[in-house]
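Let me begin by presenting the structure, written as structure tokens, before commenting on it.
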Amino acid sequence: MLAVPALEVRRVLPGDMDEVVELEKASFDDPYPRYFLEQLAAAHPDTFLVASAEGEILGYTVVDMWEDHDHLISIAVHSEWRRRGIGRRLLLALDAALGNRRPMRLEVRRSNTEAIQFYLKNGFTKTRTDEGYYQDGEDALIMERA
């Protein structure tokens, strides 16, 4: 297992977007399009964060502020760097940026057991299931952290 080099968690920069988009595509069956990620970066620069080391983006996360909660739109860590605390560092940085003032919610594919375990470990609970949520008909678990 590779040791995690000195990790910096910071706001996304325009020059990061190519790597963020590639990471999004590599991480999800139904990735968000570039224009959507760019809109989020412009609208929420304080809560679109990247984890970088030695000039490489190893992970990112982004939250959108909804009326009654903060919505975790996406969190992804490069497959070679998972299970090394990078996702947790991103969540902690989000908490600091948000001030932990409101609940945080997310959707996750029912089949994504690795992500579900990550969220449970980081204080999220399952609140309900949205049947057929994804384009391919898969259910989404809705999870929340107060």
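Results for (1) out of contact with any Lys or Arg (no Cβ under 7 Å at 6 or more places or on another chain); (2) in the same structural domain as L23 (by TED's automatic domain parsing); (3) not acidic (D, E), shown as yes or no for each residue.
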residue	(1), (2), (3)
D64	yes, yes, no
R83	yes, yes, yes
L98	yes, yes, yes
A115	yes, no, yes
F118	yes, no, yes
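Condition first: under 21 Å from A146 (Cβ atoms), free of Cβ contacts under 8 Å to residues at least 60 places away in the same chain and outside any strand (DSSP E or B). Now tell me which residues in region 47-90 satisfy that. Answer for region 47-90, where residues must be under 21 Å from A146 (Cβ atoms), free of Cβ contacts under 8 Å to residues at least 60 places away in the same chain and outside any strand (DSSP E or B): T47, W66, E67, D68, G87, R88. In the set (1) touching a strand residue (DSSP E or B) at 6+ places or on another chain (Cβ under 6 Å); (2) at pLDDT 95 or above, the condition left unmet by W81 is number (2). Which ones in region 56-70 are loosely packed, with under 15 Cβ neighbours inside 10 Å and modelled with pLDDT of 95 or more? None; the set is empty. Candidates are the residues of region 132-143 that are surrounded by 10 or more Cβ atoms within 10 Å (Cβ to Cβ) and of a type outside the set (F, W, Y); the one that is nearest to L90 (Cα to Cα) is M143. Applying the criterion of being modelled with pLDDT under 90 and among the small types (G, A, S) to the residues of region 1-23, the residue that is nearest to S79 (Cα to Cα) is A3.
The values are calculated or read from the model by the stated rules, or taken from the named source; none is laboratory data. Quantities reported herein were computed from a predicted structural model and do not represent experimental measurements. Cβ sites come from the backbone with ideal geometry, for glycine too, and all protein chains shown count toward neighbours.
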